[in-house]
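**Q** Just passing along the structure, written as structure tokens.
The values are calculated or read from the model by the stated rules, or taken from the named source; none is laboratory data. Predicted, not measured: the structure shown is a model, and the values here were computed from it. Here the Cβ positions follow ideal geometry from the backbone for every residue, glycine too, while neighbour counts run over all protein chains shown.
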Protein chains: 2
Amino acid sequence: MILKAIVRDYTSSGVPVGSKALAAQLPMHVSSATVRNEMAALEELGLINKTHSSSGRIPSVKGYRYYVDHLVQPDPVKANDIDIIKSSLDGQFLKIDEIIETSAQILSNLTSYTAFTLKPELQDSKLSGFRLVPLGKRQVMAVLVTDNGDAETQTFNLAPGVTGEQLEAVVRLINDQLVGKSLREVLQELQTKIPQEVTKYLQSPEGFLKIFGDVLTQAAQERYYVGGRLNLLNFSDSSDVDELKSLYTLMDRTDDMADVLGRPSDHIQVKIGSEMTNAILRDYSLITATYEVGDHGKGVIALLGPTRMPYSRMIGLVGTFRQELAKRLTDYYRYFDQ
Amino acid sequence: MILKAIVRDYTSSGVPVGSKALAAQLPMHVSSATVRNEMAALEELGLINKTHSSSGRIPSVKGYRYYVDHLVQPDPVKANDIDIIKSSLDGQFLKIDEIIETSAQILSNLTSYTAFTLKPELQDSKLSGFRLVPLGKRQVMAVLVTDNGDAETQTFNLAPGVTGEQLEAVVRLINDQLVGKSLREVLQELQTKIPQEVTKYLQSPEGFLKIFGDVLTQAAQERYYVGGRLNLLNFSDSSDVDELKSLYTLMDRTDDMADVLGRPSDHIQVKIGSEMTNAILRDYSLITATYEVGDHGKGVIALLGPTRMPYSRMIGLVGTFRQELAKRLTDYYRYFDQ
DNA sequence: CTTAGCACTTGGGTTAGATGAGTGCTAAAA
DNA sequence: TTTTAGCACTCATCTAACCCAAGTGCTAAG
């Protein structure tokens with residue numbers, strides 16, 4: 001009970017909490033001396049810490065962990081917040097990406113933290129088509145389509161000397177040999193077999209291979225959306241410019257970020273401070289959650305905030321949001337799948 | 001001579017400069033008292049200021065202005081920097097946008113400030129084609145091409161009940177009636193005539209109009225690249241979180257930013273602090289420059305830094321860069337135009 | 001097991017004083 | 001008429017001394 005009170009108090013006030021104030025808050029009547037004794041025991045267990053020898057206590061990472069695992073009960077979400085969520089998700093969206101992107105926006109607005117969203121995805125997306133669309137006399141657009149509906153494009157100018165027939169042959173080659181394979185496989189073959197094959201039709205295939213590679217790696221990357229980037233300036237110690245910089249850099253490094261977010265197994269997962277492998281995040285906490293959309297796979301939403309965030313409220317919010325988003329996307333697919 | 005010395009000193013040290021230190025620096029022998037007299041005169045003219053009644057002097061906006069207009073001589077660019085510029089621009093680029101984007105990168109790296117680049121453009125780009133490319137059973141990609149080679153795409157899902165023929169008819173309508181008109185005109189007609197015309201072929205044209213509108217406004221927007229966003233954290237007063245936020249927000253607001261950058265008439269233009277109309281930038285300076293690429297129009301590069309930037313070095317750098325970039329792009333077009 | 005009492009610790013805030021870099025002004029020197 | 005030395009004065013910055021409030025641990029009594 002005392003640990004719970006300490007976490008609640010500290011997360012909302014940000015000030016180390018002392019025995020007297022705590023005693024006054026507890027539901028039963030106990031003196032501050034009693035609380036002090038208990039606090040000493042909690043410190044012994046490594047659940048709370050002092051900032052200096054005569055200060056009040058703050059939860060340790062281990063303390064937050066215990067709190068999150070055993071004590072926290074999600075706050076019911078405010079009716080007003082539910083309204084915001086529902087109405088924001090309510091618009092007419094013509095592609096999933098818009099929904100996922102605004103989701104990150106909503107979540108960050110509601111929390112004043114930074115939110116991440118990943119669209120629902122099956123294990124390994126497969127190549128389902130590649131084509132070149134002529135736009136002008138020399139301008140061409142490469143389009144790569146995957147089986148979960150993503151399309152990646154890239155415009156470029158044709159190098160002199162390349163003819164339409166040659167390109168058509170190459171595109172046919174790609175489609176014949178690679179459609180249905182996973183992007184991972186295709187990427188591998190791009191290193192091995194493909195270059196030789198292409199040389200049969202193009203004498204200098206570098207240009208084509210670069211474009212195809214570009215568009216392929218783009219499609220293969222876990223694409224995620226970030227909402228409330230700037231909120232980082234609120235909740236992080238903005239005097240340490242270097243730390244801010246490395247955080248922002250991290251957020252742009254797609255692969256590292258995919259690592260951080262993971263594909264959580266559990267519905268809602270909380271990672272606290274140094275529990276995260278990435279050292280840059282040692283002063284932050286991350287709440288990740290999956291949302292499931294029938295046979296269209298799972299997506300991820302995540303919330304990055306300070307270690308001392310009001311977990312009960314945030315967990316409640318993320319919980320409701322994942323449900324609403326799942327509902328919304330199921331509707332979306334029902335509408336377009338038919 | 002004294003104003004020049006004050007600007008040089010202050011921009012490099014950041015500390016208000018006093019009479020004694022200044023006297024020591026001047027080429028001829030004068031006492032600090034003489035310098036004090038001259039400084040009083042300069043202050044009278046509004047060219048320099050004190051931070052408090054007994055402090056050294058710092059240049060005022062008016063002082064920087066005079067310095068930039070009459071006193072500054074561009075530093076010759078370090079051989080090393082020239083190497084970096086040349087080698088970075090040297091790679092094999094398949095589209096202009098890549099060159100323009102890396103330009104912003106290079107410029108920000110060399111200066112530790114934030115750089116902006118706009119691609120070369122003719123006055124008003126015109127619509128040169130619109131098409132819908134089918135990707136899957138219901139998935140379609142809208143492609144809009146302009147006469148200066150930009151292609152804007154947008155994938156979306158077809159609303160149920162819409163047939164291929166209907167869409168073909170609409171696309172034909174768009175191409176017949178609108179190709180050759182400027183994007184501005186087309187945007188206007190989208191508000192007026194187009195909806196009625198489209199209704200002839202589609203009973204609920206909202207979806208199509210949204211997509212067409214999206215892709216059109218995207219294409220019509222001045223698209224610029226930003227390099228070294230994070231450098232802002234170095235040179236701005238990073239304790240004022242709100243200011244930082246509004247600066248970053250400004251950088252993402254395309255229309256406001258287009259306003260800030262303008263299309264400078266002169267080769268190199270310096271705007272200092274409050275000279276900029278936008279109040280958010282009152283503590284910064286902006287160096288803008290055009291680069292000309294034959295009959296492909298003019299582009300813009302710009303550098304945002306603190307008011308107390310070493311103008312001589314920066315002006316030199318921007319000057320060389322615009323030349324190199326113009327050269328590089330001329331080459332690029334020569335290669336692909338033929 | 002709980003509580004009152006007490007000595008002790010510590011960060012933060014306030015005050016006073018010292019320091020030094022700078023100024024403006026006056027009067028003498030060039 | 002311009003330059004310079006001299007001097008009184010201003011102000012930001014730094015340090016040291018001090019107090020205060022909030023907190024602790026410990027002991028002994030309830």
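**Q** Does the stretch A:191-198 contain any residue that is in a helix (DSSP H, G or I), touching a Gly at 6+ places or on another chain (Cβ under 9 Å) and not polar (S, T, N, Q)?
**A** No, the stretch A:191-198 contains no residue that is in a helix (DSSP H, G or I), touching a Gly at 6+ places or on another chain (Cβ under 9 Å) and not polar (S, T, N, Q).
**Q** Regarding the stretch B:79-90, can at least one residue be identified that is basic (Lys, Arg), touching a residue at least 12 places away in the same chain (Cβ under 8 Å), touching a helix residue (DSSP H, G or I) at 6+ places or on another chain (Cβ under 9 Å) and within 16 Å of DNA strand C (Cβ to nearest atom)?
**A** No, the stretch B:79-90 has no match at all.
**Q** May I pose another question? How many residues does the stretch B:121-156 contain that are at pLDDT below 85 and of a type outside the set (D, E, K, R)?
**A** Counting residues in the stretch B:121-156 that are at pLDDT below 85 and of a type outside the set (D, E, K, R) gives 6.
**Q** Next question, about the same structure. Among the helices (runs of 4 or more DSSP H) lying completely within the stretch A:7-120, list those that include at least 1 residues that are acidic (Asp, Glu).
**A** Filter on the stretch A:7-120 gives A:32-44, A:79-88, A:96-111.
**Q** Still on this structure, I have one more. If B:SER112 satisfies all but one of (1) more than 30 Å from B:LEU178 (Cβ to Cβ); (2) small (Gly, Ala, Ser); (3) free of Cβ contacts under 8 Å to residues at least 40 places away in the same chain, what's the number of the condition it fails?
**A** Failed condition: (3).
**Q** Closer than 24 Å to A:LEU3 by Cα, at pLDDT 95 or above, surrounded by 19 or more Cβ atoms within 10 Å (Cβ to Cβ) and touching a Pro at 6+ places or on another chain (Cβ under 8 Å) - does that describe any residue in the stretch A:253-275?
**A** No, because not a single residue in the stretch A:253-275 is closer than 24 Å to A:LEU3 by Cα, at pLDDT 95 or above, surrounded by 19 or more Cβ atoms within 10 Å (Cβ to Cβ) and touching a Pro at 6+ places or on another chain (Cβ under 8 Å).
**Q** Being at the interface with chain A (Cβ under 10 Å from one of its Cβ atoms) and hydroxyl-bearing (Ser, Thr, Tyr) is the filter here, so list the residues in the stretch B:154-169 that pass it.
**A** Within the stretch B:154-169, B:THR155 is the sole residue that qualifies.
**Q** If you go through the stretch A:132-153 one residue at a time, do you hit one that is at the interface with chain B (Cβ under 10 Å from one of its Cβ atoms), farther than 24 Å from B:ALA142 by Cβ and free of Cβ contacts under 8 Å to residues at least 60 places away in the same chain?
**A** Within the stretch A:132-153 (the criterion being at the interface with chain B (Cβ under 10 Å from one of its Cβ atoms), farther than 24 Å from B:ALA142 by Cβ and free of Cβ contacts under 8 Å to residues at least 60 places away in the same chain), the answer is no, since none of the residues qualifies.
**Q** B:LEU45 passes all but one of (1) within 26 Å of the chain's Cα centre (by Cα); (2) within 24 Å of B:ARG308 (Cα to Cα); (3) surrounded by fewer than 15 Cβ atoms within 10 Å (Cβ to Cβ); which number fails?
**A** (1)
**Q** If you don't mind, another one. Taking the stretch B:28-76 as the region of interest, how many residues are away from DNA strand D (no atom under 13 Å from the Cβ) and farther than 28 Å from B:ILE268 by Cβ?
**A** Of the residues in the stretch B:28-76, 2 are away from DNA strand D (no atom under 13 Å from the Cβ) and farther than 28 Å from B:ILE268 by Cβ.
**Q** To continue, here is another question. Within the stretch B:276-296, how many residues are surrounded by 14 or more Cβ atoms within 10 Å (Cβ to Cβ) and either in a strand (DSSP E or B) or small (Gly, Ala, Ser) (or both)?
**A** 9
**Q** Still on this model: Tally up the residues in the stretch A:68-100 that are more than 20 Å from A:GLY228 (Cα to Cα) and in contact with a strand residue (DSSP E or B) (Cβ under 7 Å, 6 or more places away or on another chain), please.
**A** 3
**Q** I'm trying to understand the selection: among the residues of the stretch A:101-121, which are within 22 Å of B:VAL140 (Cβ to Cβ) and away from chain B (no Cβ under 14 Å)?
**A** Within the stretch A:101-121, A:THR102, A:PRO120, A:GLU121 qualify.
**Q** Do you know which residues across the stretch B:236-287 are closer than 26 Å to A:LYS245 by Cβ and of a type in the set (Val, Ile, Thr)?
**A** Within the stretch B:236-287, B:VAL241, B:THR249, B:THR254, B:VAL260, B:ILE280, B:ILE287 meet the criteria.
**Q** If only one of B:LEU118, B:LEU135, B:LEU158 is within 30 Å of B:LYS193 (Cα to Cα), surrounded by 16 or more Cβ atoms within 10 Å (Cβ to Cβ), outside the structural domain of B:GLU292 (by TED's automatic domain parsing) and in contact with a Lys or Arg (Cβ under 8 Å, 6 or more places away or on another chain), which one is it?
**A** Values: B:LEU118 fails: within 30 Å of B:LYS193 (Cα to Cα); B:LEU135 fails: in contact with a Lys or Arg (Cβ under 8 Å, 6 or more places away or on another chain).
That would be B:LEU158, the only listed residue that is within 30 Å of B:LYS193 (Cα to Cα), surrounded by 16 or more Cβ atoms within 10 Å (Cβ to Cβ), outside the structural domain of B:GLU292 (by TED's automatic domain parsing) and in contact with a Lys or Arg (Cβ under 8 Å, 6 or more places away or on another chain).
**Q** What do you reckon, is B:ARG172 over 28 Å from the mean Cα position of the chain (by Cα), within 14 Å of chain A (Cβ to nearest Cβ) and among the basic types (Lys, Arg)?
**A** Answer is no for this residue.
**Q** Does the stretch B:219-231 include one or more residues that are part of a loop (DSSP other than H, G, I, E, B), crowded, with 18+ Cβ neighbours inside 10 Å and in contact (Cβ under 8 Å) with a residue 12 or more places away in the chain?
**A** Scanning the stretch B:219-231, I find at least one residue that is part of a loop (DSSP other than H, G, I, E, B), crowded, with 18+ Cβ neighbours inside 10 Å and in contact (Cβ under 8 Å) with a residue 12 or more places away in the chain, so the answer is yes.
**Q** I would also like to ask the following. On the basis of being among the aliphatic types (A, V, I, L, M), under 19 Å from B:ILE85 (Cβ atoms) and part of a strand (DSSP E or B), does B:ILE301 make the cut?
**A** Considered against the rule, which asks whether it is among the aliphatic types (A, V, I, L, M), under 19 Å from B:ILE85 (Cβ atoms) and part of a strand (DSSP E or B), B:ILE301 comes out as yes.
**Q** Of the conditions (1) part of a helix (DSSP H, G or I); (2) surrounded by fewer than 18 Cβ atoms within 10 Å (Cβ to Cβ); (3) within 14 Å of another protein chain (Cβ to nearest Cβ), A:LEU244 fails just one. Which one is it?
**A** The failed condition is (2).
**Q** Are any residues in the stretch B:29-63 more than 8 Å from DNA strand C (Cβ to nearest atom), polar (S, T, N, Q) and in contact with a Pro (Cβ under 6 Å, 6 or more places away or on another chain), and if so, which ones?
**A** The answer is B:THR51, and nothing else.
**Q** Working only within the stretch B:1-27, note down all residues that are within 11 Å of DNA strand D (Cβ to nearest atom) and either crowded, with 16+ Cβ neighbours inside 10 Å or within 32 Å of the chain's Cα centre (by Cα) (or both).
**A** B:VAL15, B:PRO16, B:SER19, B:ALA23
**Q** Let me ask something else. Suppose we filter A:SER112, A:SER108, A:SER125 for residues that are surrounded by fewer than 15 Cβ atoms within 10 Å (Cβ to Cβ), farther than 26 Å from B:GLY207 by Cα, under 21 Å from the mean Cα position of the chain (by Cα) and not aromatic (Phe, Trp, Tyr); which single one remains?
**A** None of the other options fit; the residue is A:SER112.
**Q** Hey, among the residues in the stretch B:207-218 that are within 8 Å of another protein chain (Cβ to nearest Cβ) and not hydrophobic (A, V, I, L, M, F, W, C), which one's surrounded by the most Cβ atoms within 10 Å (Cβ to Cβ)?
**A** Only one residue fits best here, namely B:GLY207.
**Q** Whether any residue in the stretch B:204-221 is among the charged types (D, E, K, R), assigned by TED's automatic domain parsing to the domain that holds B:ASP252 and over 29 Å from B:ARG263 (Cβ atoms) is what I want to check. Give the derivation first.
**A** Our first condition is that a residue be among the charged types (D, E, K, R); within the stretch B:204-221, this holds for B:206, B:210, B:214.
From what is left, the residues that are assigned by TED's automatic domain parsing to the domain that holds B:ASP252 are none.
Scanning the stretch B:204-221 turns up no residue that is among the charged types (D, E, K, R), assigned by TED's automatic domain parsing to the domain that holds B:ASP252 and over 29 Å from B:ARG263 (Cβ atoms).
**Q** Taking the stretch B:178-187 as the region of interest, how many residues are farther than 14 Å from B:VAL215 by Cβ and surrounded by 15 or more Cβ atoms within 10 Å (Cβ to Cβ)?
**A** Going through the stretch B:178-187 one residue at a time, the tally reaches 3.
**Q** Hey, A:SER239 hits all of (1) at pLDDT 90 or above; (2) within 11 Å of chain B (Cβ to nearest Cβ) but one; which does it fall short on?
**A** Checking A:SER239 against (1) at pLDDT 90 or above; (2) within 11 Å of chain B (Cβ to nearest Cβ), the one that fails is (1).
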